[in-house]
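Since the structure comes first, as structure tokens, the remarks are kept for the end.
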Amino acid sequence: MSTELLLRFFHFVSIFAIVGVLVSEHLLLKPRLSKKEIGQLAKIDGLYGFAVLTLLGAGLTLWLGGFGKPTEFYTENPVFHLKLTLFISIGLLSIYPTVFFLKNRKGNPQDIVDIPKAIFWLIRAELLLLFLIPILAGMMAKGIGL
């Protein structure tokens, strides 16, 4: 198996994992959760972090490592820059929910915590932006932006 193929595999699997984790978090959220449930969400959010790092590692290696298309194909394409901007935006939106889950998971597992509405909206915004990225990837594959 070639290195490029392996990198593309990890890139795609990471994308699927990120989508799955965000959908899971959205479905598991309720206005009030026990500390035990928040702990479970924190673990799921940890998978999100791992998938993002894997995606970032594979993506940067594909971009800058000389695999597949030349580096300039991506570097000079404004659609690619928009795709990166969305990815960074998703990462920034994920900070508050992650910090909230980590801070509120400890203590008596039966304690109930009110979940801020902002967390619901941030995860929804992450999902919305995430679903725009494949459109941009398709545009890039067609050479749009060059």
Anything in the stretch 115-139 that is of a type in the set (Phe, Trp, Tyr) and assigned to a loop (DSSP other than H, G, I, E, B)? List them, or say none.
none
GLY59: passes all of (1) surrounded by 13 or more Cβ atoms within 10 Å (Cβ to Cβ); (2) over 24 Å from VAL21 (Cα atoms) but (2)
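The rows are residues; the columns are (1) surrounded by 12 or more Cβ atoms within 10 Å (Cβ to Cβ); (2) under 24 Å from SER34 (Cα atoms); (3) basic (Lys, Arg).
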| residue | (1), (2), (3) |
| --- | --- |
| GLY91 | yes, no, no |
| VAL99 | no, yes, no |
| LEU102 | yes, yes, no |
| LYS117 | no, yes, yes |
| ILE133 | yes, no, no |
| ILE144 | yes, no, no |
Determine if the stretch 6-14 includes at least one residue that is out of contact with any helix residue (DSSP H, G or I) (no Cβ under 6 Å at 6 or more places or on another chain), modelled with pLDDT of 95 or more, among the aliphatic types (A, V, I, L, M) and under 22 Å from LEU130 (Cβ atoms).
yes
Out of (1) touching a Lys or Arg at 6+ places or on another chain (Cβ under 8 Å); (2) loosely packed, with under 13 Cβ neighbours inside 10 Å, the odd one out for LEU53 is which?
(1)
Yes or no: LYS43 under 20 Å from PHE9 (Cβ atoms) and charged (D, E, K, R)?
no
Are there helices (runs of 4 or more DSSP H) fully within the stretch 18-114 with at least 2 residues that are modelled with pLDDT of 95 or more and either in contact with a Pro (Cβ under 6 Å, 6 or more places away or on another chain) or farther than 17 Å from LEU132 by Cα (or both)? List them.
35-64, 95-104
Taking the stretch 15-28 on its own, how many of its residues are in contact with a helix residue (DSSP H, G or I) (Cβ under 6 Å, 6 or more places away or on another chain) and touching a residue at least 24 places away in the same chain (Cβ under 8 Å)?
6
Do we have ALA118 as among the hydrophobic types (A, V, I, L, M, F, W, C) and either in contact with a helix residue (DSSP H, G or I) (Cβ under 6 Å, 6 or more places away or on another chain) or under 23 Å from VAL13 (Cβ atoms) (or both) here?
no
Within the stretch 1-17, can you find the residues that are among the hydrophobic types (A, V, I, L, M, F, W, C) and not in a helix (DSSP H, G or I)?
MET1
Pairs, please: C-beta under 6 Å, at least 6 apart or cross-chain, first residue surrounded by 13 or more Cβ atoms within 10 Å (Cβ to Cβ) and in the stretch 65-85, second among the hydroxyl-bearing types (Ser, Thr, Tyr)?
PHE80/TYR74
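The values are calculated or read from the model by the stated rules, or taken from the named source; none is laboratory data. Quick caveat, the model's predicted, so the values are computed rather than measured. Every residue, glycine among them, receives a Cβ derived from its backbone with ideal geometry; neighbour counts consider all protein chains shown.
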